[in-house]
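Participant: Please read through the structure below; I'll follow up with questions.
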Amino acid sequence: MTIIVVEKGDSLWGIAEKNQVTPSRIMEVNGLESTALVPGLALYIPDAAVANRKYIIKSMDTLSMVARRFGTSAASIIKANPGIVANSLRVGTEILVPSPYKNQLITLGFAFPTSGGAVFETLEEHGDKLTYLAIVAYSFTREGNAYVEGDDRPLIVKCKQSGVTPLLMLRNFQNGDFDADLAGDVLASSGSRRNLINSLLNFVRQREYGGVSMDIEFIPPARRFDYVQFLKELKEELNELTLHVNVHAKTADNPDNRIVGGHDYRGIGEAADLVAIMTIDYGYPTGPPEPISPLWWMGEVLRYALTNIPEYKLQSAFPMYGYDWIIPTHETKALSAQSAQNLSIAMGAEIYFDTTAASPTYSYWREDAKHVVWYEDIRSISAKYEMIDAYELIGATYWQIGLAFPQNWAFLDQNIMIIK
C-alpha cells in the first residue's frame with residue numbers, strides 16, 4: 001500500500017511516473033475531478049503489497065506464536081518493529097505484523113430507499129465489499145405499528161443482485177428527527193412492544209429481508225432495560241435472521257444521561273448478533289469545528305465497549321463524509337469525503353493532517369466568511385482499519401454509501417476479505 005502526501009511543486013504526472021502508474025488511474029482511485037493538486041492532499045496508490053496488520057500483545061504471547069497466527073516469521077516481525085525485544089514482550093504493546101493474510105470483516109452500509117443513482121452505482125461496483133445493507137426506511141407509531149417511508153423494494157432487489165444481504169432498518173424518527181418520547185412510550189408497554197415485533201416480522205417476511213438493523217436513539221434512561229428485553233424477544237422471533245443494533249458512542253455507562261443512558265451495552269451485546277458503535281459525529285453540525293471521528297476518541301470508545309460486548313459481535317462506524325463549518329456562526333454543510341477533498345483543490349486550500357486525531361482539515365474564505373472543513377481520507381480511514389484489526393473487531397459500518405469515498409473502497413479491495 002502506498003500513500004503519497006502531495007508537497008508544494010508536485011504534479012500528477014510526476015507522482016504517476018515515480019510510482020509507475022498512469023495519471024488516470026490515480027484520478028480514478030482518488031476521485032479527482034482534475035489534474036490539479038494542493039499540498040497536503042493524500043493520494044492512495046494501490047500496489048501488490050498488502051498493508052501490515054496491527055496486533056496488541058497479550059499475556060503469554062511469544063513472537064513465534066504471533067508469527068504462526070499471521071503466517072509470517074519472528075524475524076519479519078522484529079524487522080517491522082525496531083527496538084522490540086523478543087524475550088521481553090510487554091502486554092498491551094501495539095506491533096505491526098507483515099502478513100500474507102488479509103483481515104476478515106463483516107461490513108454494513110446504510111442507504112435510503114432509491115431505484116437508482118449513487119447507491120445503485122456503489123452496489124454495482126462495490127457490492128463484493130459489503131456483507132449487509134441497512135435500508136433506512138422504517139419508523140413506527142406509538143401503538144407499535146411499523147411503517148415504511150418510500151419504496152424500498154427496488155433497493156432490496158438490487159442488494160440481492162449484488163450479493164448483499166438487505167436489513168430492514170428501524171428508527172424512532174418522526175418529523176425529521178429522533179423522537180425520545182416515541183421510543184419511551186412503545187418500550188414502556190409490553191403490548192406495544194409485541195405489536196412492533198409482529199409488525200417488523202411481517203415486513204421482513206413479505207419483503208424478504210435478511211434481518212433487522214435497529215437505530216433507536218435517545219431512549220429515555222428509565223426504559224433501557226425494556227429496550228434490552230425488546231431486543232431479546234425480537235431476536236427470538238427472528239431466529240436465524242440477523243439482529244443488528246446501532247448504539248451511541250460513549251466511554252462510560254452514564255445510565256442517567258438522556259443521550260446515551262438508554263443504551264445498556266452489556267444487555268444489548270447479549271441480545272444482538274452484531275452491535276455497531278456510532279463512532280462518528282464527534283464534530284457535529286452547528287457545533288464547533290472538530291474532527292468527525294478522531295482516532296483517539298474512537299479508541300477510548302472501543303476500549304470501553306469491549307469491556308461489555310465481545311469483539312466477535314462488535315463493529316465500529318466509519319464516516320463517508322465531512323462537514324464544512326462557517327465561522328463564527330457554525331452553520332454547517334455536510335459533503336461526501338470525495339467532495340470535501342475536491343473542494344480543497346478547487347479553493348486552493350492546503351490540507352493539514354492532525355496526527356493525534358488522524359484526520360485531515362483545511363480552511364478557506366468565501367464571501368468574506370471563513371470556512372473550516374474536517375473530513376476523512378485514506379490516511380484517516382486506514383488508521384481506523386488498523387485500530388479495528390488491533391482490537392480484533394468483527395467489522396465496520398459506513399454512513400452512508402450514497403456518499404462518494406473511492407479511497408475507502410480501494411483500500412477494502414486491496415487489504416480486506418469480506419465475510420458474506
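The values are calculated or read from the model by the stated rules, or taken from the named source; none is laboratory data. Model, not experiment: these values are computed from the prediction. Cβ placement follows ideal geometry from the backbone for every residue including glycine, while neighbour counts extend to all protein chains displayed. The protein model used for the area step is the full one, side chains on, heavy atoms only, and it has no ligands, DNA or RNA in it. Shrake-Rupley method; radii C 1.70, N 1.55, O 1.52, S 1.80 Å.
Participant: For Gly267, work out the one condition from (1) loosely packed, with under 14 Cβ neighbours inside 10 Å; (2) touching a residue at least 40 places away in the same chain (Cβ under 8 Å); (3) more than 26 Å from Ile381 (Cβ to Cβ) it doesn't fulfil.
Facilitator: So the condition that Gly267 fails would be (1).
Participant: A further question on this structure: Which residues, taken from the range 222-260, are within 18 Å of Ala146 (Cβ to Cβ) and in a strand (DSSP E or B)?
Facilitator: Across the range 222-260, the qualifying residues are Thr242, Leu243, His244, Val245, Asn246.
Participant: Which is without any contact (Cβ under 8 Å) to a residue 40 or more places away in the chain and in contact with a strand residue (DSSP E or B) (Cβ under 9 Å, 6 or more places away or on another chain), of Ala67, Ala86, Ala75?
Facilitator: Among Ala67, Ala86, Ala75, only Ala67 is without any contact (Cβ under 8 Å) to a residue 40 or more places away in the chain and in contact with a strand residue (DSSP E or B) (Cβ under 9 Å, 6 or more places away or on another chain).
Participant: Same structure again: Restricting to the range 270-288, name every residue that is open to solvent by 40 Å² or more (accessible area, probe 1.4 Å) and either within 21 Å of Leu241 (Cα to Cα) or basic (Lys, Arg) (or both).
Facilitator: Across the range 270-288, the qualifying residues are Glu270, Asp273.
Participant: Based on what the data block shows, is Glu240 open to solvent by 60 Å² or more (accessible area, probe 1.4 Å) and either more than 19 Å from Thr107 (Cβ to Cβ) or at pLDDT 95 or above (or both)? Quick ask: steps written out before the conclusion?
Facilitator: Details: open to solvent by 60 Å² or more (accessible area, probe 1.4 Å): yes; either more than 19 Å from Thr107 (Cβ to Cβ) or at pLDDT 95 or above (or both): yes.
Spelling it out, Glu240 is indeed open to solvent by 60 Å² or more (accessible area, probe 1.4 Å) and either more than 19 Å from Thr107 (Cβ to Cβ) or at pLDDT 95 or above (or both).
Participant: Right, here's the next one. Which ones in the range 148-178 are at pLDDT 95 or above and more than 23 Å from Gly109 (Cβ to Cβ)?
Facilitator: Correct list: empty.
Participant: Run Phe178 past the list (1) touching a helix residue (DSSP H, G or I) at 6+ places or on another chain (Cβ under 8 Å); (2) among the hydrophobic types (A, V, I, L, M, F, W, C); (3) without any contact (Cβ under 8 Å) to a residue 60 or more places away in the chain and report the number of the one that doesn't hold.
Facilitator: For Phe178, the exception is condition (1).
Participant: Do you know which residues across the range 337-351 are in contact (Cβ under 8 Å) with a residue 60 or more places away in the chain and not in a helix (DSSP H, G or I)?
Facilitator: If the condition is that a residue be in contact (Cβ under 8 Å) with a residue 60 or more places away in the chain and not in a helix (DSSP H, G or I), then Gly348, Ala349, Glu350, Ile351 are the ones that fit.
Participant: Oh, and also: Restricting attention to the range 99-132, and to residues there that are open to solvent by 30 Å² or more (accessible area, probe 1.4 Å), in contact with a strand residue (DSSP E or B) (Cβ under 8 Å, 6 or more places away or on another chain) and not in a strand (DSSP E or B), which single residue is nearest to Gly395 (Cα to Cα)?
Facilitator: Ranking the candidates gives Lys102 first.
Participant: Looking at the range 176-212 only, could you name the residues that are out of contact with any strand residue (DSSP E or B) (no Cβ under 8 Å at 6 or more places or on another chain), among the charged types (D, E, K, R), part of a helix (DSSP H, G or I) and farther than 16 Å from Arg223 by Cα?
Facilitator: Across the range 176-212, the qualifying residue is only Arg205.
Participant: Next up: Under the condition of being closer than 14 Å to Met1 by Cα and at pLDDT 90 or above, which residue from the range 45-92 is most open to solvent (accessible area, probe 1.4 Å)?
Facilitator: If we filter the range 45-92 for residues that are closer than 14 Å to Met1 by Cα, which is where we start, we get 45-53.
Those still in the list that are at pLDDT 90 or above too: 45, 53.
On the way: Ile45: 11, Arg53: 30 Å².
Checking each candidate, the answer is Arg53.
Participant: How many residues does the range 282-320 contain that are under 14 Å from the mean Cα position of the chain (by Cα) and within 24 Å of Val228 (Cβ to Cβ)?
Facilitator: Result for the range 282-320: 6.
Participant: Hey, can you tell me all the residues within the range 361-394 that are open to solvent by less than 60 Å² (accessible area, probe 1.4 Å) and at positive phi?
Facilitator: Glu392, the sole residue that qualifies.
Participant: Here's a follow-up. Out of the range 374-412, which residues are aromatic (Phe, Trp, Tyr) and either touching a Ser or Thr at 6+ places or on another chain (Cβ under 6 Å) or part of a helix (DSSP H, G or I) (or both)?
Facilitator: Taking the range 374-412 first, the residues aromatic (Phe, Trp, Tyr) are 374-375, 385, 391, 398-399, 405, 409, 411.
Of everything in the range 374-412, those that are aromatic (Phe, Trp, Tyr) and either touching a Ser or Thr at 6+ places or on another chain (Cβ under 6 Å) or part of a helix (DSSP H, G or I) (or both) turn out to be Trp374, Tyr385, Trp409, Phe411.
Participant: Are any residues in the range 166-198 open to solvent by less than 20 Å² (accessible area, probe 1.4 Å), under 30 Å from Leu130 (Cα atoms) and over 23 Å from the mean Cα position of the chain (by Cα), and if so, which ones?
Facilitator: Across the range 166-198, the qualifying residues are Ala183, Leu196, Ile197.
Participant: Here is a further query. Take Gly163 and tell me if it is touching a residue at least 60 places away in the same chain (Cβ under 8 Å) and loosely packed, with under 15 Cβ neighbours inside 10 Å.
Facilitator: yes
Participant: Also, I was wondering about something else. On the basis of being modelled with pLDDT under 95 and assigned to a strand (DSSP E or B), does Ile95 make the cut? Working first, answer last.
Facilitator: Working: modelled with pLDDT under 95: yes; assigned to a strand (DSSP E or B): yes.
For Ile95, the condition - modelled with pLDDT under 95 and assigned to a strand (DSSP E or B) - is met.
Conditions (1) open to solvent by 70 Å² or more (accessible area, probe 1.4 Å); (2) in contact with an Asp or Glu (Cβ under 9 Å, 6 or more places away or on another chain); (3) in contact (Cβ under 8 Å) with a residue 40 or more places away in the chain; (4) not charged (D, E, K, R), marked per residue:
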{"position": "Glu290", "(1), (2), (3), (4)": "no, no, yes, no"}
{"position": "Glu300", "(1), (2), (3), (4)": "yes, no, yes, no"}
{"position": "Phe318", "(1), (2), (3), (4)": "no, yes, yes, yes"}
{"position": "Asp354", "(1), (2), (3), (4)": "no, no, yes, no"}
{"position": "Ser359", "(1), (2), (3), (4)": "no, yes, yes, yes"}
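Participant: I'd like to check something: does the range 12-26 contain any residue that is out of contact with any helix residue (DSSP H, G or I) (no Cβ under 8 Å at 6 or more places or on another chain), open to solvent by 20 Å² or more (accessible area, probe 1.4 Å) and under 23 Å from Lys129 (Cβ atoms)?
Facilitator: Yes: the range 12-26 contains one or more residues that are out of contact with any helix residue (DSSP H, G or I) (no Cβ under 8 Å at 6 or more places or on another chain), open to solvent by 20 Å² or more (accessible area, probe 1.4 Å) and under 23 Å from Lys129 (Cβ atoms).
Participant: Counting only residues that are part of a loop (DSSP other than H, G, I, E, B) and within 13 Å of the chain's Cα centre (by Cα), how many does the range 261-281 have?
Facilitator: Residues flagged as part of a loop (DSSP other than H, G, I, E, B) and within 13 Å of the chain's Cα centre (by Cα) within the range 261-281 amount to 3.
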